[in-house]
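Visitor: This is the structure, below, for whatever I ask next.
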Amino acid sequence: MSFPPESPQDYFDYFQYMALNAKPSNLKWAIGLKAATMWHDYFEKGNVKENNQLLIPLVKTLMPISNAGTLFLDLWQKILRHIGKLPASEQIEIWFEIFNKVNQGERKIAHNEVAREVLEEWIKLDISEGASKINKKVMIDMVDKIYKYTFSGQEWIALTVALSEWFKKYIPAPSLYDLVCGKFEKKLN
């Protein structure tokens, strides 16, 4: 086991060790092991479209305890970054689960309803609008919708990065993320 964990196997090994050896024992280690096992199995089965559905139960398992310790948070952030690299049609459903209060545990994400509205708009842009309708004005409209919320939590930051990467397919520069940061900075001044 390498430390800090990097690969899915490393996370599995770490959480397995902690689940078996932590003193005093704590249920969080068993949940961490379950999540690490799911993360490991996801990669063992191959990162293919059909298997991306495996990320939904993983999100529901880990999310409520994602702040239970440094490596819980580290694994959660790795998962968020991975989700953001999937094709939009595959990641949007997972984002809906992330921004569902039922799945969040005690630490609620701020502005869930706004995020869900943004996701609905993203679906329309990705599926029904088509590439010909994606332009800088559409991206700026999205910036206007999200910049107030982007820095309200790690999930919002990850969603903004995912949106930014998606928009880069249509508008290489400036990035949505850079525009969000610029607008947020102006708000602070």
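Read-outs: derived from the displayed coordinates by stated rules, not from any lab. Since the structure is predicted, the reported quantities are computational estimates derived from the model, not experimental observations. Here the Cβ positions follow ideal geometry from the backbone for every residue, glycine too, while neighbour counts run over all protein chains shown.
Visitor: Restricting attention to the stretch 134-145, does a residue exist that is farther than 30 Å from P64 by Cβ and touching a Leu at 6+ places or on another chain (Cβ under 6 Å)?
Guide: Narrowing the stretch 134-145 to residues farther than 30 Å from P64 by Cβ: 134-141, 143-144.
Applying the additional criterion that residues be touching a Leu at 6+ places or on another chain (Cβ under 6 Å) yields 139, 143.
Looking for residues that are farther than 30 Å from P64 by Cβ and touching a Leu at 6+ places or on another chain (Cβ under 6 Å), one finds at least one in the stretch 134-145, hence yes.
Visitor: Do you know which residues across the stretch 8-27 are surrounded by fewer than 19 Cβ atoms within 10 Å (Cβ to Cβ) and touching a residue at least 24 places away in the same chain (Cβ under 8 Å)? Let's see the steps before the verdict.
Guide: Step one: filter the stretch 8-27 for residues surrounded by fewer than 19 Cβ atoms within 10 Å (Cβ to Cβ), giving 9-10, 13, 16-17, 20-27.
Matches in the stretch 8-27: Q9 only.
Visitor: I'd like to know if the stretch 120-132 contains one or more residues that are surrounded by 12 or more Cβ atoms within 10 Å (Cβ to Cβ) and among the basic types (K, R).
Guide: no
Visitor: Out of curiosity, is A110 surrounded by fewer than 17 Cβ atoms within 10 Å (Cβ to Cβ) and within 15 Å of the chain's Cα centre (by Cα)?
Guide: yes
Visitor: Looking at the stretch 15-29, which of its residues are touching a helix residue (DSSP H, G or I) at 6+ places or on another chain (Cβ under 8 Å) and closer than 19 Å to F3 by Cα?
Guide: Result: F15, Q16, M18, A19, A22, W29.
Visitor: Out of the residues in the stretch 144-158 that are aliphatic (A, V, I, L, M) and either without any contact (Cβ under 8 Å) to a residue 60 or more places away in the chain or not in a helix (DSSP H, G or I) (or both), state the one that is nearest to Q77 (Cα to Cα). Spell out the reasoning first.
Guide: Keep residues of the stretch 144-158 that are aliphatic (A, V, I, L, M), which gives 146, 157-158.
Next cut, either without any contact (Cβ under 8 Å) to a residue 60 or more places away in the chain or not in a helix (DSSP H, G or I) (or both) only: 146, 157.
Numbers: I146: 20, I157: 10 Å.
Filtering first and then ranking leaves I157.
Visitor: Does I109 meet the test of being under 11 Å from E155 (Cβ atoms) and of a type in the set (A, V, I, L, M)? Full working, then the answer.
Guide: On the way: under 11 Å from E155 (Cβ atoms): yes; of a type in the set (A, V, I, L, M): yes.
Spelling it out, I109 is indeed under 11 Å from E155 (Cβ atoms) and of a type in the set (A, V, I, L, M).
Visitor: Which one of these is in a helix (DSSP H, G or I), in contact with a Ser or Thr (Cβ under 8 Å, 6 or more places away or on another chain) and among the β-branched types (V, I, T): I31, I56, I94, I79?
Guide: I31
Visitor: Can you name the residue in the stretch 103-141 that is basic (K, R) and outside any helix (DSSP H, G or I) and is also farthest from A173 (Cα to Cα) among such residues? Before the answer, list the steps.
Guide: Kept after step one, since they are basic (K, R), are these residues of the stretch 103-141: 107-108, 116, 124, 133, 136-137.
Going one step further and asking which of them are outside any helix (DSSP H, G or I), we end up with 107-108.
On the way: R107: 35, K108: 33 Å.
So, considering only residues that are basic (K, R) and outside any helix (DSSP H, G or I), the one farthest from A173 (Cα to Cα) is R107.
Visitor: Could you go through the stretch 75-92 and let me know if any residue there is out of contact with any Gly (no Cβ under 9 Å at 6 or more places or on another chain), loosely packed, with under 15 Cβ neighbours inside 10 Å and under 19 Å from W156 (Cβ atoms).
Guide: Among the residues of the stretch 75-92, at least one is out of contact with any Gly (no Cβ under 9 Å at 6 or more places or on another chain), loosely packed, with under 15 Cβ neighbours inside 10 Å and under 19 Å from W156 (Cβ atoms), which makes the answer yes.
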